[in-house]
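Working notes for the structure below.
The values are calculated or read from the model by the stated rules, or taken from the named source; none is laboratory data. Remember, predicted model here, so these are calculated numbers, not experimental data. Quick reminder, even Gly has a Cβ in these numbers, built from the backbone with ideal geometry, and neighbours come from all protein chains shown. What goes into the accessible areas is simple: the full protein's heavy atoms, side chains included, and nothing from ligands, DNA or RNA. Shrake-Rupley method; radii C 1.70, N 1.55, O 1.52, S 1.80 Å.
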Amino acid sequence: MTSIMNLTSSMVILSILISTLVCEARLLRVTPGFVQTKDTELVLNGSPFLFNGFNSYWMMNVAADPNQRYKVSNVFREASAIGLTVCRTWAFSDGGNQSLQISPGLYNEAMFQALDFVVAEAKKYRVRLIFSLVNNYNDFGGRPQYVQWANSSGVPVANDDDFYTNPVVKGYYKNHVKRILTRINTITKTAYRDEPTIMAWELINEPRCQVDYSGKTINAWVQEMAPYVKSIDPMHLLEVGMEGFYGDSIPDRQQYNPGFQVGTDFVSNHLIKEIDFATIHAYPDNWLTGQNDTMQMAFMQRWMTSHWEDSRTILKKPLVFTEFGKSKKDPGYSIHARDSFMNVVYSSIYSFAQNGGTFAGGLVWQLLDEGMDPYDDGYEIVLSQNPSTSSVISQQSSKMVALEHIH
């Protein structure tokens with residue numbers, strides 16, 4: 001009798017253990033981990049993470065109007081359907097109309113809830129987010145707004161480049177970083193810093209510095225801000241937000257710039273240990289106006305190759321092409337020309353990823369939903385209205401996922 005009871009209790013315990021393990025297995029399968037780095041690769045749950053993605057900077061702005069939120073949902077749904085798994089968007093709107101940060105330290109809760117919605121929808125459609133924390137330009141406030149706030153408070157500032165050096169302005173920025181990272185989402189109830197749907201933080205969209213083209217001023221700023229971000233959130237990846245311009249640390253590399261510098265140094269800025277992966281942008285149609293398509297594509301190939309080589313051999317960090325596109329405003333533009341341009345970029349990304357890794361993916365600029373004409377900038381892609389472009393994007397998504405399984 002005792003042995004039967006022991007056997008019965010053992011079976012009950014075994015049954016509980018099995019059901020617990022099954023539940024845990026289910027949780028592991030549906031709970032996304034944090035994207036991390038391993039050597040020059042991005043990894044997710046220990047496996048290579050390669051992706052195709054997009055920019056939709058406007059998401060919080062549009063989600064601020066509950067009647068327009070369906071546009072955010074539409075883009076995530078349509079993007080997810082063609083295999084796009086990473087979206088880069090703004091986690092800032094400083095001063096002015098529809099601001100997230102009304103003034104230093106004062107936040108608009110309705111806008112924050114719009115950002116909460118963006119995170120929740122991305123999670124729903126299994127799209128990971130790169131959140132940029134401030135703009136270099138005056139769109140949505142940016143660096144100029146921070147300096148203006150300081151100036152209005154009687155702080156002696158000379159120009160917008162004081163953003164990188166003035167202690168008061170740097171304090172404003174750190175406060176914003178802390179507010180974003182520690183925000184508890186009103187929909188998911190998870191703090192942003194604990195949310196694996198967020199893939200990475202970006203310090204600043206396209207940093208530039210006119211008073212110092214060497215890259216040293218921005219380097220000092222990144223050296224201060226990167227450890228600060230990691231002190232609040234050691235889990236998420238961090239990137240600078242750079243376009244890829246070379247500075248003074250390796251003068252030989254400046255030959256790959258499009259004829260000018262902007263105050264960043266691709267190599268030294270990315271060597272900072274708290275920066276997890278490197279980024280580049282490229283707009284040869286904008287940077288090399290007057291040059292024909294052949295010359296612009298030759299520049300693009302050199303730009304991608306040099307940064308891939310540097311990321312692999314000098315930085316030893318992954319590389320992401322965080323912005324590229326072709327504008328409808330270009331001379332001789334056609335959808336076919338845009339599709340061809342994107343195909344060349346995608347083929348290069350795939351080839352680099354296949355032959356030595358390091359190149360983790362690309363984010364096209366930019367996806368919109370139907371009826372968003374005020375956000376048209378020439379580079380917009382509406383998937384439902386552009387079947388050929390949608391097909392080009394979808395094919396790249398499939399190739400990158402297939403490559404993930406080969407590695």
With a bin width of 10 angstrom, please list the P(r) values of segment 336-388 as percents of all Cα-Cα pairs, from the 0 bin to the one holding the largest distance. 21, 42, 27, 9, 0
When the convex hull of the Cα atoms of segment 284-407 is projected onto a plane and the area is averaged over all directions, what value comes out in nm²? 8.2
Counting only protein heavy atoms and using a 1.4 Å probe, what share of the accessible area of the chain belongs to carbon plus sulfur, as a whole percent? 55
Based on DSSP H runs of at least 4 residues, each adding -39500 (n - 2.57), what is the mean residue ellipticity at 222 nm of the chain after dividing by all its residues, to the nearest 500 deg cm²/dmol? -14000 deg cm²/dmol
When Lys and Arg each count +1 and Asp and Glu each count -1, what net charge do the other residues less than 12 Å away from Tyr172, Cβ to Cβ, add up to? +3
Before I look further, what does the chain give for accessible area per residue, probe 1.4 Å, in whole square angstrom? 41
For segment 249-317, compute the orientation-averaged projected area of the C-alpha convex hull (one quarter of its surface), in nm². 4.7
With x for Gly and Pro, the residue-by-residue ³J(HN,Hα) of segment 130-135, computed from phi through the Karplus equation 6.51 cos²θ - 1.76 cosθ + 1.60 at θ = phi - 60° and given in whole Hz, is 10, 9, 8, 9, 6, 9
Charge context of Ile250, other residues only, Cβ under 14 angstrom, K/R +1, D/E -1: -3
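How would you order 118-127, 244-253, 286-295 from highest to lowest mean count of nearby Cβ atoms within 10 Å?
118-127, 244-253, 286-295
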I'd like the distance separating the alpha-carbon centroids of segment 217-293 and segment 177-214, in whole Å. 17
Net charge within 14 Å of Tyr125 by Cβ-Cβ distance, Lys/Arg positive one each and Asp/Glu negative one each, not counting Tyr125 itself? +4
Between Glu109 and Asn67, what is the label-to-label distance in nm when each label sits 7 Å out along the Cα-to-Cβ direction? 2.3
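Report the far tail of the P(r) of the chain, meaning the percent of Cα-Cα pairs longer than 42 Å.
13
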At 0.692 mPa s and 37 °C, Stokes diffusion of segment 298-340 via Kirkwood alpha-carbon radius, µm² per second: 266
Dipole in debye (nearest 20) - the chain, about Cα centre, beta carbon charges: Lys, Arg +1; Asp, Glu -1: 1080
Report the one residue of Ala114, Val382, Ser152 whose Cα lies farthest in the direction of the positive end of the charge dipole of the chain (charges on C-beta: Lys and Arg +1, Asp and Glu -1; origin at the Cα centre). Ala114
Restricting to lysines and to Cα separations under 28 Å from Lys329, and discarding same-chain partners fewer than 8 apart, the set is Lys71
Quick query: amide H of Thr37 versus all other amide H atoms, modeled in the peptide plane; which residues come in under 5 Å with a sequence gap of 5 or more or a different chain? Val43
Before anything else, pin down the relative contact order of segment 127-214: Cα pairs under 8 Å, at least 6 apart, normalised by residue count, whole percent. 42
For Lys273, go through the lysines and keep the ones whose alpha-carbon is under 18 Å away, minus same-chain ones fewer than eight residues off. Lys38, Lys216, Lys230, Lys316, Lys317
Give the relative contact order (percent, whole number) for segment 36-405; include only Cα pairs under 8 Å separated by 6+ residues. 19
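What fraction of the DSSP beta bridges in the chain is antiparallel, stated in percent and rounded to the nearest 5?
In the chain, DSSP labels about 20 percent of beta bridges as antiparallel.
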